[in-house]
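**Q** What follows is a single structure, and I will ask about it in a moment.
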Amino acid sequence: MAGSAAFFDLDKTILAKSSSLMFAKPFYDGGLISRADVLRSGYAQFVYLVSGADHDQMDQMRVYLSALCRGWQVETVRSIVNETLDDIVEPTIYNEALELIEQHRAAGREVIIISSSGTEVVEPIGARLGVDLAIGTQMEVVDGEYTGEILFYAYGEGKADAMRDLAAARGYDLAECYAYTDSHTDLPMLDLVGYPVAVNPDAELRRIATERQWPIRDFAKPVAMRSALSTPEAKAAAVSAVGAVALGLAWYAARRRGR
C-alpha cells in the first residue's frame, strides 16, 4: 500500500475540456442523442470553458444526464467511447498535468482520477494515462441498460466520501495526500488533504485559494494523447493501469454493500 496519493479532477485539470460533453457528436452519430442534445452540449461546453460550473448547474447536469441515458445499452456506449477516445480527447491533455502525474508516481504515490463524468468515459481515459484508479459517476445498469438512476454521483461531497473510503481501504494518510481541481464545487476534495492545489481555478476557487494561500497552477499546454503516451515508460504505465477498471468496479460494489 502507498502511504499517500494524488487525487486529480479530470475536466479543466487534466483535460482542457469537459470529458462528457466532448462525446456529444459521437453519441449523436451512434444514434444515442438528438441534434438538439448536441447543440445543448455545445453550449454547455462553451459556458463551462468560460466560467466553470456552479452547484446549480451541476445539479441540472445530473438530472439531465439521468434522463438522457435512460434505456441506453451499456455496451453501445463503451464501444463508441473506445472507438473515438483518441480522436476526441486529443489534443486536450495538459502537458503540465502529465508531468505532475509522473512526479507523483516517481515519489511513490498512487494517482487517482475522480470525476463527475460517467465511469464509461473516465475509466478508459484513466487507463490511457496509466493512473492507479479512475472513479466517475456510476449509473445503475439492469439487463445491460441504464435505468437512469445514479448510484454514485462523483461530485462535491461525494468526491470527498470516495477519498475517505479509498484512504481507509488503501492505507493513505490524507494529511500527506495531494488534490488538484479547477472548481470551487470541489472544496470538500481540497479541504480533505494536506496539499490542496487549485488548477485553472474558476473565479471563486481562485479567491479562496488566494485567501488560504494554496498553490495556484495555470495549465496552458494541451498536447495530443498519442504523443503524450508515446514513450516506453508511458506505454508501460498504461498497460499496468488495465486493473484500474476492476479496482473501480470493486470500490463501487463495496460502497453499495456498505450502504
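**Q** Does residue 111 count as at pLDDT 95 or above, under 16 Å from the mean Cα position of the chain (by Cα) and either more than 16 Å from residue 8 (Cα to Cα) or crowded, with 18+ Cβ neighbours inside 10 Å (or both)?
**A** Numbers: at pLDDT 95 or above: yes; under 16 Å from the mean Cα position of the chain (by Cα): yes; either more than 16 Å from residue 8 (Cα to Cα) or crowded, with 18+ Cβ neighbours inside 10 Å (or both): yes.
Answer is yes for this residue.
**Q** When you look at residue 248, is it modelled with pLDDT under 95 and small (Gly, Ala, Ser), yes or no?
**A** Spelling it out, residue 248 is indeed modelled with pLDDT under 95 and small (Gly, Ala, Ser).
**Q** Mind counting the residues in the stretch 121-171 that are among the acidic types (Asp, Glu) and surrounded by 24 or more Cβ atoms within 10 Å (Cβ to Cβ)?
**A** Looking only at that region, the number is 1.
The values are calculated or read from the model by the stated rules, or taken from the named source; none is laboratory data. In this text the structure is predicted, and so the values were computed from the model without any measurement. Reconstructed Cβ throughout: ideal geometry from the backbone, glycine too, with neighbour counts over all protein chains shown.
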